[in-house]
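In what follows, a single structure is set out as structure tokens and then discussed.
The values are calculated or read from the model by the stated rules, or taken from the named source; none is laboratory data. It should be emphasised that the depicted structure is a prediction, and the values quoted were computed from it without experimental measurement. Don't worry about glycine lacking a Cβ; one is built from the backbone with ideal geometry, like all the others, and counts go over all protein chains shown.
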Amino acid sequence: MLLYFLSIAWLRKQRIAITGKELCVIAASGFFLWTGGNGLLIWSEQHVQLGLAALLVCTTPVWASLIESILDKKRPSVLLILSLFLGLCGIFVLMYPALSVNNISDFISGLTLVGASVCWAIGSVIQKHNQLNISDFTLSGYQTFLASLIFVFLSFLFNEPLARPTTIAWLAWGYLIIFGSVLAYSSFVSALRLLPINVMMTYAFVNPVLAVFLGWFFLGEAITLWTVAGATLVVLSVFGVFREHAGGGSKEEEDEKTDVLHG
């Protein structure tokens, strides 16, 4: 991945050498996005249904908005607090079936998914608030490379067995590289640089619904009343965050608007 991204940057005559400060920002954001966000998600998906995982992860915009409010030293609005409350209620409703039968494994996996959402939000905010003067391909290349080193270290630390992937696993791996990393993640990095973070996170409206449908259609995962109720609360929570930002941007965004108006 490093060679791929840096090759594109080099062919486009973009800078591929980075400074120490840039390396620190890339490492910090990459740790939370990849190791914390994707790493915890990958582990959790081995124990919970695809739809549940997607629904819990889609609370990311709520955490990102809350973190931005703390960084901007702004008192959270009533709508943001209400959105956070709805999101927490949605998480509880989604995890209640596991709690009601004392399924500790599913409960821990659910908490881990919430941790993955918080980590992805932290990484996104770090990257958004520390804009780097390098191309998106250069940033993506170094970020994925550093994350892969951390994953290798963790695999040895936790004594992970040597993988013996099947043909299906190889195909899934190839799909994730091409569509998940090369196309989707590089697009995410570009959009994060250009768009407000609340607009960036609106994918959370679509992903959970699509994932629940795919889990039902391909894997036979059950769609229960708990799933529908929890999904409704979580999506309302995300919608509330979006509306809260649509009504008024962050301090940085307002400053940018003022600068433009005054030339």
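Taking residue 146, is it out of contact with any Ser or Thr (no Cβ under 6 Å at 6 or more places or on another chain), surrounded by 14 or more Cβ atoms within 10 Å (Cβ to Cβ) and part of a loop (DSSP other than H, G, I, E, B)? Criteria not met by residue 146.
Is it true that residue 53 is under 22 Å from residue 235 (Cα atoms), in contact with a helix residue (DSSP H, G or I) (Cβ under 8 Å, 6 or more places away or on another chain) and not basic (Lys, Arg)? When the stated conditions are applied, residue 53 passes them. Pairing residues of segment 178-193 that are in contact (Cβ under 8 Å) with a residue 40 or more places away in the chain with residues that are of a type outside the set (Val, Ile, Thr) and not in a helix (DSSP H, G or I), at Cβ distances under 9 Å and at least 6 apart in sequence or on separate chains, gives 181/1; 182/1; 193/131; 193/132.
Checked against (1) loosely packed, with under 15 Cβ neighbours inside 10 Å; (2) in contact with a helix residue (DSSP H, G or I) (Cβ under 9 Å, 6 or more places away or on another chain); (3) within 22 Å of residue 232 (Cα to Cα), residue 100 passes all but a single condition, namely (2).
Listed by first and then second residue, the pairs linking a residue in segment 144-161 that is more than 12 Å from residue 39 (Cβ to Cβ) to a residue that is in a helix (DSSP H, G or I) and of a type in the set (S, T, N, Q), with Cβ atoms under 7 Å apart and 6 or more places separating them unless they lie on different chains, are 144/181.
I want to confirm something. Restricting to segment 214-231 and keeping residues that are surrounded by 15 or more Cβ atoms within 10 Å (Cβ to Cβ) and part of a helix (DSSP H, G or I), which single residue is modelled with the lowest pLDDT? Can you show your working first?
Within segment 214-231, the subset surrounded by 15 or more Cβ atoms within 10 Å (Cβ to Cβ) is 215-216, 221, 226-227, 229-231.
From the residues that got through so far, the ones that are part of a helix (DSSP H, G or I) too are 215-216, 226-227, 229-231.
Numbers: 215: 80, 216: 83, 226: 88, 227: 87, 229: 90, 230: 86, 231: 84.
Here the residue is 215.
So, of the residues in segment 160-195 that are among the polar types (S, T, N, Q) and part of a helix (DSSP H, G or I), which turns out to be surrounded by the most Cβ atoms within 10 Å (Cβ to Cβ)? Per the stated criteria, the residue is 186. Has segment 49-56 got any residue that is more than 19 Å from residue 137 (Cβ to Cβ), in contact with a Pro (Cβ under 6 Å, 6 or more places away or on another chain) and either without any contact (Cβ under 8 Å) to a residue 12 or more places away in the chain or not hydroxyl-bearing (Ser, Thr, Tyr) (or both)? Yes.
Residues that are out of contact with any Phe, Trp or Tyr (no Cβ under 6 Å at 6 or more places or on another chain) and surrounded by fewer than 18 Cβ atoms within 10 Å (Cβ to Cβ), at least 3 per element: which helices (runs of 4 or more DSSP H) completely within segment 1-52 meet that? Spell out how you get there, then give the answer.
Numbers: elements: 2-11, 20-30, 39-44.
Where helices (runs of 4 or more DSSP H) fall fully within segment 1-52 and carry at least 3 residues being out of contact with any Phe, Trp or Tyr (no Cβ under 6 Å at 6 or more places or on another chain) and surrounded by fewer than 18 Cβ atoms within 10 Å (Cβ to Cβ), they are 2-11, 20-30.
Restricting attention to segment 65-96, the residues that are surrounded by fewer than 22 Cβ atoms within 10 Å (Cβ to Cβ) and of a type in the set (Ser, Thr, Tyr) total 3.
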